[in-house]
C-alpha cells in the first residue's frame, strides 16, 4: 500500500506546470487534492513516472461567482465550493451535489476540478457539469481552450484533456430564473459511491407551467447522461420514469445489479424532478 | 521548483548511490517546528509516524476509507494517508498528540484531557482504541464548525470514520457530551 517512486514536480505557477507537462505529459499525472489519485497510487493501479503537484499554485485556489455562473479554480477544495454562499445562490445544484461527494474530510482536500478531470461516471461533479452544460478550461504551452461538458467526458475515467494539458478551471452556468434544482442518490453506505444518482433542473414559464425539465445521471452510464424529460413529464411522471429506465445503461457489479440500478434511475427521476419542480414553485411564490 | 536531471535528461528519482531522491519537508506539528528529509512518495501519515516518530496517528486502510489517520491540516480534518508530506510543506498539522492540555503543567499533573477526549472516556466511546485518534480529530474540528449538534448532526459528523468495536452509539453520545463539556468549559 505504498506508491511506487515517482519524480515529483512542485510548480508554483500555471506557466511552470504546463512547461513540465509539455516535457513529461505522457508519463505524468497531475496531483491536486489526491483523493482519487493517491489511492490509485497506493494500490499501484497507477504508477506514473512524474507527478505534477499543483498544490503550490495558489492562484488556482479560487472560486469566482458572477451573474453568469460559478467559476471554480483547479485548486479550490470541494468544501470551499460547497460552503460558498454566493455560489449556492447562483447555482444551488453545486452544494446539493457536493454534500454527497464522499465525506466532509475527503471534501476538505479533494478538488472539484480534480474530480472532473478524473472523469468518473460515478462522480457527482461530472453529472453536475453535464447537467448544467458547463465547461472545463484546459491550459498548455499551445494555449488555452474551453471544452464543453458534452465533449469533455470521453469514457469511464477518460477526459478530453491532452497529456500536456492542465485543467485550470471549470465553469458552471447559473440556474436560470424561474428554475429549481435537486440532487438525490442511493448509496449502500453513507458517503459511498452512489448506486445511482439523479440531478434535476426544472424551469417554469411565467404562468407557473413546466417549461423545461432535464435530469442528469451518475453510475448508470459510461459518461454522464443527461435527458430532456420536459415532454415525457407533461405526459406523466411514470412516463418520464420509464423513459429514464430505458435510457440508462448500467452494469452489474458487486454493489448492485444492472436491473436494480435501472429501477433506481426510474424512481430517483421522479423524486428529483418533483423536488426540483416544487423548489421552482416555492421560489416563484417567494418572488 | 525543478528537480535535477540524470544523464538521460530525465529528472532523477533514484540518485547515484541507488537511494531515492529526498526532499526537506518542514511542518508545524502540534505547534512545534519539525523537519525531515523524505522521498516525495512519503504520505503525511508515514511522515508523522516513521520520520517524526509520532505514532499517535494510526494507519488503517491506507486508501482513505477508514478515517483512522485523520489529522487537522491548518485546522481542517484530512486523511493523512491521502496527502503527501511534500505537498503540505510549510503547513500546520494537529494530531491526536496535540489534543490534550500541556503535559508539563507546573504541578506535574497528568495532561488534561480535551473536551472530546473526556467525553470519549465518560461515554465509553472506545474499546480497542485503534480508530480513536481519527474520531477525536474529526469531532474536535466538527464541534468548532457546529458547536450544538443534534444527534443526526453527530452521526453525519462521524460518518467518514470506521469503528469495529463500539457500534457507534457511544461515539454519537460522546459527540453530544463533548459539545456539552465544551460549553461548560467555555472552550472554543
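Every read-out reported here was derived from the displayed coordinates using simple, explicitly stated rules and does not represent laboratory data. Keep in mind that this is a model prediction, so the values were computed, not measured. Cβ coordinates were reconstructed from backbone atoms using ideal geometry, including for glycine residues, and neighbour counts include every protein chain displayed.
See the values below:
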| quantity | calculated |
| --- | --- |
| Residues B:130, B:84, sorted so that the one with the fewest Cβ neighbours within 10 Å comes first | B:130, B:84 |
| Residue A:205 versus residue A:176: modelled label distance in nm, points set 7 Å from Cα along the beta carbon direction | 1.2 nm |
| Pairwise FRET efficiency - residue A:66 versus residue A:286, Cβ, R0 = 22 Å, nearest 0.05 | 0.45 |
| Folded to 0 to 90 degrees: helix A:237-247 orientation relative to chain A principal axis, Cα | 30 degrees |
| Percentage, to the nearest whole number, of Cα pairs in the protein assembly as shown over 42 Å apart | 21 percent |
| Residues listed by number, the stretch B:115-136, amide nitrogen under 15 Å from residue B:169 label point at 7 Å toward C-beta | B:123-126 |
| C-alpha long axis of helix A:14-24 to longest principal axis of chain A, angle in ° | 70 degrees |
| Ratio of the Cα radius of gyration of the stretch A:104-143 to 2.2 N^0.38 Å, where N counts its residues | 1.32 |
| Where a label projected 7 Å from the Cα of residue A:257 along Cα→Cβ would reach, residues of the stretch A:168-212 with amide N under 17 Å | A:195-196 |
| Förster-model FRET efficiency, 56 Å R0, residue A:142 and residue B:150, C-beta, rounded to 0.05 | 0.60 |
| Expected-Rg normalisation [2.2 N^0.38 Å, Cα atoms] applied to the stretch B:47-147 | 1.09 |
| Whole-Å semi-axes of the stretch A:27-130's equivalent ellipsoid (Cα gyration tensor) | 25, 15, 11 |
| Stokes-Einstein D (µm²/s) once Rh is taken as the Kirkwood radius of the stretch B:128-187 over alpha-carbon pairs, at 25 °C in 0.890 mPa s | 213 µm²/s |
| Cα convex hull of the stretch A:141-287, projected area averaged across orientations, nm² | 10.8 nm² |
| Per-residue Cβ neighbour rank within 10 angstrom, fewest leading, B:184, A:203, B:20 | B:184, B:20, A:203 |
| Gaussian network model of chain A, springs between alpha carbon atoms under 10 Å - residue of A:142, A:262, A:214 with greatest fluctuation | A:142 |
| Over the stretch A:226-266, volume per residue of the alpha carbon convex hull, in Å³ | 54 Å³ |
| For the stretch A:175-237, the fraction of alpha-carbon pairs in successive 10 Å shells from zero, as % | 21, 43, 27, 9, 0 |
| Cα long-axis angle, helix A:258-286 against chain A (0 to 90 degrees, to the nearest 10) | 70 degrees |
| Residue of A:107, A:154, A:261 that the Gaussian network model of chain A assigns the largest fluctuation, springs spanning Cα pairs under 10 Å | A:154 |
| Distance (nanometres) between label positions extended 7 Å along Cα→Cβ at residue A:13 and residue B:128 | 5.2 nm |
| DSSP beta bridges in the protein assembly as shown [antiparallel fraction, %, rounded to 5] | 85 percent |
| Per-residue Cβ neighbour rank within 10 angstrom, fewest leading, B:162, A:195 | B:162, A:195 |
| Helical contribution to [θ] at 222 nm, DSSP H n ≥ 4, -39,500 (n - 2.57), averaged over chain A, rounded to 500 | -10000 deg cm²/dmol |
